[in-house]
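The values are calculated or read from the model by the stated rules, or taken from the named source; none is laboratory data. What you are looking at is a predicted structure, and each value in this text was computed from that prediction instead of being measured. Every residue, glycine as well, gets a Cβ built from its backbone with ideal geometry; the counts of neighbours run over all protein chains shown.
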Amino acid sequence: MCSPTPMARLFLVTLDHDLPRATEVLGRVGAVHLLSVDELGPWAHGLAWEQAAGLAVQYDGYRQRIEGLLRGLAIGPPPGAAVAAVAPLTVAARVERRLPPIEAEAQRVAAAERQLQEEGKRLALAAEQLQLLAQLRVDLAELRRLEFLHCAAALVPQRNLERLRGSLAGLPNALIPLARREKHVLVLAFTTREQGAALERALQSAYAQPARIPLDLAGTPAEVLRQVQAQQAQVLQQEAALQRTRGALAAQHRDELWQLAQEVATNAAAVAAWQRFGRTERTRLIAGWAPAAVVPGLAARLEQAVAGRPALDVAAAPAPQVAQAPRPPTRLRNPPPARPFEALVTTYGIPSYDEIDPTPLAGFLFVLMFGVMFGDVGQGAVIAAAGWLLTREIALKGSRAFGWVLLAAGISAIVFGALYGTVFLTEGLIPALWFRPLDNPTYFIQVAVIFGVAVVSLALALNMANALRNGDRLGFLLSRQGLVGLWFYWGAVYAAYAALAGRGLGTLALLALIGLPLLVMACITPLQDLFRGGARPGPQAFVQSVVETFDTAVRYVSNTVSFIRLAAFAIAHAGIGIMVLILAGLVRVPGGGAAVLVLGNAFVIGLEGLVIFIQALRLDYYEFFTRFFRASGIPFRPFVLPGARRGFERPAPLPGPPQGAGQRRRPLKTPCPGLRAGRARSETPGCRPGPQAQAALPGPGFPEPWVLAMAAQYEPDRPRRHPQ
Amino acid sequence: MGASQYARPNAAMRAMLGALLAPQEKRALVAAPSLEDAMRRLRATPYGRDLAVAEAGGELLPLEKALQRTLVGTYGRLIRTLEGAPRDLVEELLRHFEVDDIKAILRGLATGAPAAKIRALLVPLGRWERLPLERLLAAPSVAEAVRALGRLPYARPLGEALPRYEAERSLFPLEVALDLDYFRRLWARLEALSGGDRVGAVRILGARYDVLNVTWLLRYKLTYRLSAQEIFNYTLPHGYRVDDGVIRRATTAGDLAGLIAALPQPYRGLLAPLEGASLAHMEAALCRYLWHDARALLAGYPFQAGAILAYLHLKEAEVHDLVAILAGKRSGRPAAEIEALLWSEL
């Protein structure tokens, strides 16, 4: 609680032919946040495995082809995803063998369909244009036989028509718009026979499409239209026949395509992961982070899968002060009641691996503040009921976590409603267990400010705790959000309290409480830089530090005063209640008063509830988080093969190793007995480092020498084999 | 928008104006003896930080992309400060990168270039990106790419031009359709401006349309040898000094001298001495005039859309010039040759 899941850094060196099995284990377990070899540091730059990108592109192509086929044959996606075996080259060969004949058949049908569709479109367009010309009593064939004139019928984009007119200004012409269709105009254009080519080029440059009037048919437009309609009926019959053919094809290939789709999905994910891996001549380097608790199980599964060949180095996450990249990812670890509130935190940012996860505190404060501002037994019950419905997913699927937040906020509103004695905006129905907000607003504001002081102090305490966790003792003591900051803050609070209570403090006391910590804060940034080996600070650094100190002091005040909104919204809630009751009393229609009461409550629950939800969130984010929460974490995104069971605490069973695994393969040049793990640092049960690995184990940090030494042991005295 | 609404954009623009390179800095870049030396000098300018990440392989394309990224960033910063019609106009102006990207993709698809190679040519638009790049790059043909544009405004003009592409197997009709449609839409945004905003915008953007029309006229007439009707249809009906009458007279001119004589001043005066020069030199001369015009506009009343557009033109000219200088240095061109192709005055 309050800390992310402890992570272990993994380095796995495996032989190229073991890679698919190792990938399958990692993908089924779904517990490793993979790192790209480029992220490991300069020592690993030459290890990038560029060919994997080619394989990934190839698989992307397969996926598209299969999806295209499923779509083209009107077959749905595979029912239920399952993890297929990771064997990219085998699957690629199968896809290359099986897809082309199916594609050829499907394309034949698709081409025929396209042809018919084109024909159908052409006829539909012709019919449409003929309908526009229906009033013409001219035989279309006559237009083709004009002796001195050139005639063209075309659909001109409407916005090009004026430009076309302008372009024809130098030609003898007549441009007759006949009808409009969508954003096109059907025109008949005439010019002299000599200028026919110029007219056609002008029409073409105006992006006019030749009218689809079938000039091979003779007769008036109305007569030709009847002929076209007969052709349309024939096309429809042919389309129906083709659909039956396509259905038969789909039935014949459905199962095979589904199987291929699953194999391609699994292997596409695997080769996408491979792009992150490093490589040497015969080995592959996999780097990543995994929850430390999962590592022993993962190591055992890897050993089982690859018959004792891989070398695994496990180390706890580096100490926070080691500023080496890559940093561990953050997997939040909260007790079940706090988990729904994780979204409140992650919306703001992901906690860094080495900082306190504020989820439980933020959740508690949010619920508390919501209740303070929205204290109403009846309305709280409505909100809690809505939350409960969401947790049951009766409405709005996928909102379960939000439902729990709403339920907690509703219960908090009920509790504070009982303390204020408010039910559905009405005061007096139940006795107030504490006080009524409108009866004593000054007291309420005092309580809110005291609450604010407590929250800001808590934030400072968390910031100091974070500094200690990171080994930043200077920051703990002297930063503006550290002990000096707390000293100033409490000093200022006490001075304000004394002034309000009419007990003035002496100059010396004020200097000690406020002046001295301010002075320390003003000097601290330049001095910190100096202590940390930076350059000698100039006057500019001190001026900047003074300005920042002033800003910090103002923020302390504003952050605290901001909590007055707790009282303000609670008082406003009570005020709205009175207004609704007065309005309900003014309505003389029978039942009208009750209706106003119901509508008023609905309005308050909807609108004010939303506003208060946002305000509680705002107090969490701006007054609380900004003092200690860096939120610069990397979310934990484990590599999971499609269809693998989510949640690595109970991973899917792994199929046994292939028949004869380990026997058929050539023994390693250097003995590599079993799984090698950096026991010295990981203390991973069941993982014992072999003699070579032990000799090469590095100190803290990133195991460049270990990885390279381990990879070097496997280098061949024969040509490299492709991974598979 | 009045002075108060332009306070923020103007302040942002003035701040960025100060970061434009001084003529002596550009002169030093042009005079640099080698690409490495030019890069060293460029690193000392405000572009240094943006270029640092792109310098790894010494390739020119990543540097060009990095420079374009700064340009897009400049657009973005100004767009965020603007409101209403001026914002719409500047946002539409930014879209000319999108038009260039579509052309690059269509050319790549037509020539069978690999997706990675095409992608490397695209302008990194970041949060302003609207194109479905993955679908476009994976499209098996030009026609499929056009269909992949879906509801974007480019789909219609390209769809209308597609039958011609299919018939002629030339990208020319597609690219012209795309340009004409885009610049018409941009002009419609300009016409939505009101009062002084519109006057300033017409002056700077209208002059840009003039330059476009003149360079297209030159290209269609001299390179493609199109008929007068075609040229008229392939030019824009908008501009500052070049109108339909000018275009009609220019299209019917018998030769280059006649075409130039049909143009209004200052274009006639700019092009007359360049009669034997290449189209690139003529285009550069026209763009240098635009650069001067933009600077003159910036010296005037500041609280108007024209000032923002003028600054953007200066920035765009600077990025063009930097790319030209680096390309020139890479291919070992003499300084005078590089300078003649720049869009800004040194």
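Scanning region B:205-228 for residues that are touching a Lys or Arg at 6+ places or on another chain (Cβ under 6 Å) and part of a helix (DSSP H, G or I) yields a count of 1.
Only one of the numbered conditions (1) within 14 Å of chain A (Cβ to nearest Cβ); (2) acidic (Asp, Glu); (3) surrounded by 14 or more Cβ atoms within 10 Å (Cβ to Cβ) is violated by residue B:129, and that is (1).
For region B:144-163, the candidate set comprises residues that are more than 20 Å from residue A:206 (Cα to Cα) and among the hydrophobic types (A, V, I, L, M, F, W, C); within that set, the residue that is surrounded by the most Cβ atoms within 10 Å (Cβ to Cβ) is B:145. A single entry from B:173, B:153 fulfils the requirement of being in contact with a helix residue (DSSP H, G or I) (Cβ under 8 Å, 6 or more places away or on another chain), within 14 Å of chain A (Cβ to nearest Cβ) and not in a helix (DSSP H, G or I): B:153.
This table checks each residue for (1) more than 23 Å from residue B:186 (Cβ to Cβ); (2) free of Cβ contacts under 8 Å to residues at least 40 places away in the same chain; (3) assigned by TED's automatic domain parsing to the domain that holds residue B:304; (4) surrounded by 17 or more Cβ atoms within 10 Å (Cβ to Cβ).
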{"position": "B:216", "(1), (2), (3), (4)": "no, yes, yes, yes"}
{"position": "B:222", "(1), (2), (3), (4)": "yes, no, yes, no"}
{"position": "B:225", "(1), (2), (3), (4)": "yes, yes, yes, no"}
{"position": "B:238", "(1), (2), (3), (4)": "no, no, yes, yes"}
{"position": "B:251", "(1), (2), (3), (4)": "yes, yes, yes, yes"}
{"position": "B:261", "(1), (2), (3), (4)": "yes, yes, yes, no"}
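Candidates in region B:243-261 are the residues that are of a type in the set (A, V, I, L, M, F, W, C) and within 14 Å of chain A (Cβ to nearest Cβ); of these, the one that is nearest to residue B:175 (Cα to Cα) is B:247. I'd like to know if region A:84-102 contains one or more residues that are crowded, with 16+ Cβ neighbours inside 10 Å and within 27 Å of the chain's Cα centre (by Cα). Yes, there is a match, as at least one residue in region A:84-102 is crowded, with 16+ Cβ neighbours inside 10 Å and within 27 Å of the chain's Cα centre (by Cα). A count restricted to region B:132-142 and to residues that are under 18 Å from residue B:178 (Cβ atoms), in a helix (DSSP H, G or I) and within 13 Å of another protein chain (Cβ to nearest Cβ) stands at 2.
Please verify whether region B:224-238 includes one or more residues that are out of contact with any strand residue (DSSP E or B) (no Cβ under 9 Å at 6 or more places or on another chain) and away from chain A (no Cβ under 14 Å). For region B:224-238, residues out of contact with any strand residue (DSSP E or B) (no Cβ under 9 Å at 6 or more places or on another chain) and away from chain A (no Cβ under 14 Å): absent.
Within region A:167-176, take every residue that is aliphatic (A, V, I, L, M) and in contact (Cβ under 8 Å) with a residue 12 or more places away in the chain and give me the one that is farthest from the other protein chains (Cβ to nearest Cβ). That would be A:176. Looking across A:130, A:69, A:123, A:73, one residue alone is within 13 Å of residue A:261 (Cα to Cα) and buried (at least 18 other Cβ atoms within 10 Å of the Cβ). It is A:69. Examine region A:150-166 for a residue that is outside any strand (DSSP E or B), over 22 Å from residue B:177 (Cα atoms) and more than 13 Å from chain B (Cβ to nearest Cβ), and state whether such a residue exists. No, there is no match, as no residue in region A:150-166 is outside any strand (DSSP E or B), over 22 Å from residue B:177 (Cα atoms) and more than 13 Å from chain B (Cβ to nearest Cβ).
Here are the criteria: (1) part of a helix (DSSP H, G or I); (2) out of contact with any Cys (no Cβ under 9 Å at 6 or more places or on another chain). Tell me which single one residue A:143 does not satisfy. Result: residue A:143 fails condition (2) only. Applying the condition of being out of contact with any Lys or Arg (no Cβ under 9 Å at 6 or more places or on another chain) and not in a helix (DSSP H, G or I) to region A:481-513 and asking which residue is surrounded by the fewest Cβ atoms within 10 Å (Cβ to Cβ) yields A:502.
Assess whether residue A:179 counts as being within 14 Å of another protein chain (Cβ to nearest Cβ) and either farther than 13 Å from residue A:208 by Cβ or not in a loop (DSSP other than H, G, I, E, B) (or both). For residue A:179, the condition - within 14 Å of another protein chain (Cβ to nearest Cβ) and either farther than 13 Å from residue A:208 by Cβ or not in a loop (DSSP other than H, G, I, E, B) (or both) - is not met.
Sort out which residues of region A:183-210 are of a type outside the set (Phe, Trp, Tyr) and either assigned to a strand (DSSP E or B) or away from chain B (no Cβ under 13 Å) (or both), and write them in order of number. Hits for region A:183-210 are A:184, A:185, A:186, A:187, A:188, A:189, A:191, A:192, A:193, A:194, A:209, A:210. Of all residues assigned to region A:489-508, none qualifies as being among the polar types (S, T, N, Q), under 39 Å from the mean Cα position of the chain (by Cα) and in the same structural domain as residue A:595 (by TED's automatic domain parsing).
Take residue B:313 and tell me if it is surrounded by 17 or more Cβ atoms within 10 Å (Cβ to Cβ), out of contact with any Leu (no Cβ under 7 Å at 6 or more places or on another chain) and either hydroxyl-bearing (Ser, Thr, Tyr) or in a helix (DSSP H, G or I) (or both). Answer is no for this residue.
Per-residue answers, yes or no, for (1) touching a strand residue (DSSP E or B) at 6+ places or on another chain (Cβ under 6 Å); (2) modelled with pLDDT under 90:
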{"residue": "A:207", "(1), (2)": "yes, no"}
{"residue": "A:241", "(1), (2)": "no, no"}
{"residue": "A:255", "(1), (2)": "no, no"}
{"residue": "A:267", "(1), (2)": "no, no"}
{"residue": "A:295", "(1), (2)": "yes, yes"}
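Restricting the search to region B:289-308, which residues are in a helix (DSSP H, G or I) and surrounded by 18 or more Cβ atoms within 10 Å (Cβ to Cβ)? Within region B:289-308, B:289, B:290, B:291, B:293, B:294, B:297, B:298, B:305, B:306, B:307, B:308 qualify. Restricted to region A:345-388, and to residues that are among the aromatic types (Phe, Trp, Tyr) and touching a residue at least 24 places away in the same chain (Cβ under 8 Å), which residue is nearest to residue A:3 (Cα to Cα)? Ranking the qualifying residues of region A:345-388, first place goes to A:353. Meeting the requirement of 1 or more residues that are touching a Pro at 6+ places or on another chain (Cβ under 6 Å) and either in the same structural domain as residue B:310 (by TED's automatic domain parsing) or among the basic types (Lys, Arg) (or both), the helices (runs of 4 or more DSSP H) wholly within region B:35-130 are B:60-81. Given the criteria at pLDDT 90 or above and buried (at least 21 other Cβ atoms within 10 Å of the Cβ), does residue B:181 qualify? Yes. The condition (being assigned to a helix (DSSP H, G or I) and hydrophobic (A, V, I, L, M, F, W, C)) is satisfied by just one residue among A:459, A:432: A:459. State all residues of region B:176-197 that are in contact (Cβ under 8 Å) with a residue 12 or more places away in the chain and either in contact with an Asp or Glu (Cβ under 7 Å, 6 or more places away or on another chain) or away from chain A (no Cβ under 14 Å) (or both); if no residue qualifies, say none. Passing the criteria: B:177, B:185, B:186, B:189, B:190, B:192, B:193, B:194, B:196, B:197. In region A:274-285, is there at least one residue being modelled with pLDDT of 85 or more and in a helix (DSSP H, G or I)? Looking through region A:274-285, at least one residue is modelled with pLDDT of 85 or more and in a helix (DSSP H, G or I). Criterion applied to B:207, B:310 was being touching an Asp or Glu at 6+ places or on another chain (Cβ under 6 Å), among the aliphatic types (A, V, I, L, M) and away from chain A (no Cβ under 14 Å), and the one residue passing it is B:207.
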